[in-house]
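Reading through the structure tokens given below for one structure.
Values in this text are rule-based calculations from the coordinates and carry no lab data. Since the model is a prediction, treat every value here as computed from it, not as a measurement. Please note: Cβ atoms are built from the backbone with ideal geometry, for glycine as well, and neighbour counts cover all protein chains shown.
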Amino acid sequence: MDSHPPEDSSPCRSWRYALPWLFLLSLLAGCPPVLEPDPGTPSGNAGEPNDTFDQAIVVTLDANQTARIAGSIPLASDVDVYNLGEFLAGDRIIVDVNTGASRLDAMVALFDGGGRLIYENDDRNNDLNQLDPFVNHVVREDTMVLYVAIAASPLNPTTGTYDMTITVSRGGAVPPTRPQTIVLDVDGGSVVIAGDTYTVGPFDTGDISPRYQGLTQVVLDQIVATIEENFAGFNLSVLVTGRDPIPDGCAGSTVLLGGTSSTAYGLAQQIDPYNQDPCDDAIVYTEMFQPFRFGRTLTARELGTAIGNVASHEIGHLLGLNHVANVHDLMDTTGTASSFLLDQDFTTSPLDETIFPIGLQDGIMLLMFTLGVTP
Ligand SMILES: [Ca+2]
Ligand SMILES: [Ca+2]
Ligand SMILES: [Ca+2]
Ligand SMILES: [Zn+2]
């Protein structure tokens, strides 16, 4: 059975595994004395308020570079933030969350000193229904402070207790960046995403609307130019079927253009942190880009820009980027179709509320860590 304390909103009870300074606070607050924790019991806890980076509880690692934290998410909107102090590039952090019999479906996110997301995990293995998060990450860049934040999964608002073990090993090597090839599949083909096979014919703007008949090549050129502009400076290259020779086997991540959907403009196979999988695929449902969704007929250049921005968004997911709330950011999920016509870029924006309740995503920084920059 699990060793979590029962859920209890009493501040005295929740401090029973308190750090020494919290013990003093508990005395000042009139709580009964707290016994020293037994060896093996958690070394810290989630004393509120700890909902922001400024309020983060300082966690001190023991001689084994380990800390155990017992905490609680009593409201689905709660966040607990911990300050792990300075990290250097190459330091590895492992965060192992156990919710035991608690109903909490937890999610963990690591942030740098600027509140910028560096890694997140909701479920260690969704396929096996293992919903406790697990993180094993090598920090790419020195940061004065590394924050570990835990909250209920925004997709599954739940409450309950958690037990979090943090282990750090210092002084390793920073994983190398890796260039990525994108194969833009425009001559008809198929991709498999989450068990579903999507098969489309050759990309033809006339399939979007009769008003776009005969514009296929000029729109396609603008799609490619838009993707290349969005990733300018990064180690990412675009091959186009029918235009470029495509190597056999996995030539890179395929982005298929075509088809329609009742729910989305595009779909990526996964959000792939730090691009562990260089062969994952996506689709942009180009037949969704009908004039009525924009309130008017677009120029060929506008149509190509819109499709190119959505393709860049799906490629962003395949490289590990999450959704943000900023219509000028390519990873935006809040805007209407008209925002695809803006000069969207990878930038620094608040994480969308469906991703995590606090923090920023710096798309440029994460792409630099993942792809590297062109010489
Ligand atoms: Ca909290
Ligand atoms: Ca989870
Ligand atoms: Ca990938
Ligand atoms: Zn998306």
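Here the sum of -39500 (n - 2.57) over DSSP H runs of 4 or more residues, divided by the residues of the chain, equals -4500 deg cm²/dmol at 222 nm, to the nearest 500. Each of Gly195, Tyr119, Val183 was scored by the projection of its Cα onto the charge dipole of the chain, and the greatest displacement toward the positive side belongs to Tyr119; charges sit on the C-beta of Lys, Arg, Asp and Glu.
For segment 355-363, 3J(HN,Hα) computed residue by residue from phi via the Karplus equation (6.51, -1.76, 1.60; θ = phi - 60°) reads 9, 7, x, 10, x, 10, 10, 9, x Hz, glycine and proline entered as x. Residues whose amide H lies under 5 Å from that of Phe234, counting only those 5 or more places away or on a different chain, are Thr374; hydrogens are built 1.01 Å from N in the peptide plane.
Highest average first, the peptides 324-331, 99-106 ordered by how many other beta carbon atoms sit within 10 Å of their residues are 324-331, 99-106. Calculated translational diffusion coefficient of segment 180-370 (20 °C, 1.002 mPa s; Stokes-Einstein with Kirkwood radius over alpha-carbon pairs) equals 130 µm²/s.
Taken about its Cα centre, the chain carries a charge dipole of roughly 220 debye when the Cβ of each Lys and Arg holds +1 and the Cβ of each Asp and Glu holds -1. Each Cα pair under 8 Å and six or more residues apart adds its sequence gap; the mean of these over the residue count of the chain is a relative contact order of 14 percent. Please grab the % of Cα pairs in the chain that end up more than 31 Å from each other. That fraction is 42 percent.
The packing ranking of peptides 312-321, 349-358, highest mean first, is 312-321, 349-358, where packing means the average number of other beta carbon atoms within 10 angstrom of each residue. Among beta bridges identified by DSSP and lying wholly in segment 180-370, the antiparallel ones come to about 50 percent.
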